[in-house]
Amino acid sequence: MRELIQKVKESEFDYEFYPTTSEIIKIINSDIHRQYSKFEISILDIGAGNGNFFKVLESFNKEKPEYKFIKYAIEKSPILIENMNPDIFIVGTEFHEQTLIDKKVDVIFCNPPYSEYESWTEKIITEGNCNTIYMVIPERWKSNKKIKEIINKRGFSYKVIGNTDFIDSEYRQARAKVDIIRFRCKVDRVGTHSYNCTIKDPFDLWFDNFFNIKAQPKEDDYLTKRQKEEEKKENIKKHLIKGQNLIERLEELYRKDFDNLLNNYRKIEELDYEIFKELGIDLNNLKEGLKLKISGLKNLYWHELFDNMEIITSRLTKKSREKLLKKLTKHTTVDFTASNAYAIVLWAIKNANVYLDQQLLDVYKWMTRSENVQNYKSNQRMIKDDWRYIQEHTHYQLDYRLVLHGYNNFNSGSWGNYNYPNGLN
């Protein structure tokens, strides 16, 4: 870690990288277990560095294998991204270019640059799409009126769960005295034993601040239909010029489509309430429609990038390729920017290498059958079928001649089979 910090300090990518100490992570880990009874918890680390937060967090849970952390990160430094574990998914690079409203997780954690802690805290509390936020920020935050106002707007409660500094940090020392704060949705009692979170949807806050629409919402609500994507895909392909930088050209097209989408909604600001009432337009419908369109637009452009990643995916077996692409397409709410795209491609390369190793093992194990195996020590052929599942053999080798089993190669007479001239189907 010290070598990595020195490398970052000597580079142009030192964005106040002060790794979170084990003491801080221990406090947060204990609080997470008090807040959540479930075993699978998704966490977004903003300003994640090299992912050390997750590494230390998991070390505190070694004796609790039932706990699983789904790990997401926003990090700007290419050096630190390169040193992250492949199981951490990058959902953004430049913090101020990201929208957090569509990145739904259980927990957000952030140890921000202290020179910018106010703007980071305001954005995270305003846009964070989660129930719980943990921040490590200078203790002077308590006198910041704007932060207090935003906390109330979102419907969060807060609690200082620890105080510390970085004077004795095992990684990089600093004099800053900080509070470890948990922001969480306020809970209202409903009945005798049930509770409701009264947190306000961050998308609603963003929509109300961005658009000045005079319409009043009605009670009935419905979702707009998804627009056809095939025509859009064809339109994107027409504008991709051979020889151009694919990522930067896609970003240019995405930005143009995104701005056009927002400008179209901006025109609604010119309408009066009477027009909305006459046309039967519901403001909630407009919000949900825009949310779907933004999500669909991101999805469209990420898929276009993934479709052009043959140089990576062509080295994988069908099973590995499907697994990798499924993981990628699961996270298409990531903002489509060039820096994010480069980070995602780097993540894909690292994970492709993991899958390359794993698929060799998968194929080897698939060929490991009693007819094809020789015992490594005695060189005696195994004769019991499915022996791997009956008793454990750690030392064996495959024979030079392999007999592999097919399934349903010959016509069974069932409906839907196609009979080839040679008798196979």
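Expressed in nm to one decimal, what extension gain is obtained for the pair LYS62 and ASN209 from 0.36 nm per residue of sequence separation less their Cα-Cα distance?
Extending this stretch completely gives an extra 48.5 nm.
With 26 Å as the limit, write out which pairs from LYS233/LYS323; LYS267/LYS287; LYS153/LYS330; LYS103/LYS323 have Cα-Cα distances beyond it, or answer none. Display every interim value, and only then the final one.
Values: LYS233/LYS323 23 Å; LYS267/LYS287 14 Å; LYS153/LYS330 31 Å; LYS103/LYS323 21 Å.
Flagged as over cut-off: LYS153/LYS330.
Quick one: Cα centre-to-centre distance for segment 307-349 and segment 357-372, in angstrom?
26
At 7 Å along the Cα-to-beta-carbon direction for both LYS277 and ASN308, put a label point, then send me their distance in nm to one decimal.
Modelled inter-label distance: 5.1 nm.
Using the Kirkwood formula on the Cα atoms of segment 30-159, what hydrodynamic radius do you get, in angstrom to one decimal?
With all distinct Cα pairs of segment 30-159 included, I get 15.4 Å.
For PHE183, PHE258, write out the residues from largest to smallest accessible area, computed with a 1.4 angstrom probe and no ligands counted.
Values: PHE183 0, PHE258 30 Å².
So the residues, ranked largest to smallest area, are PHE258, PHE183.
Quick one: how many Å² of HIS303 are accessible to a 1.4 Å probe, rounded to 10?
The accessible area comes out at roughly 50 Å².
At what distance in nm do the modelled label points of LYS326 and GLU371 sit from each other, each positioned 7 Å from its Cα along Cα→Cβ?
The modelled label-to-label distance comes out at 2.9 nm.
For the pair ARG140/TYR364, report the inter-label distance in nm, with labels modelled 7 Å from Cα in the Cβ direction.
For ARG140 paired with TYR364, the spin-label model returns 5.9 nm.
The values are calculated or read from the model by the stated rules, or taken from the named source; none is laboratory data. Bear in mind the structure is a predicted one, so any value in this text is a computation, not a measurement. Glycine also receives a Cβ, built like all others from the backbone with ideal geometry; neighbour counts cover every protein chain displayed. Surface areas here come from the heavy atoms of the whole protein model, side chains and all, with no ligands, DNA or RNA. Shrake-Rupley method; radii C 1.70, N 1.55, O 1.52, S 1.80 Å.
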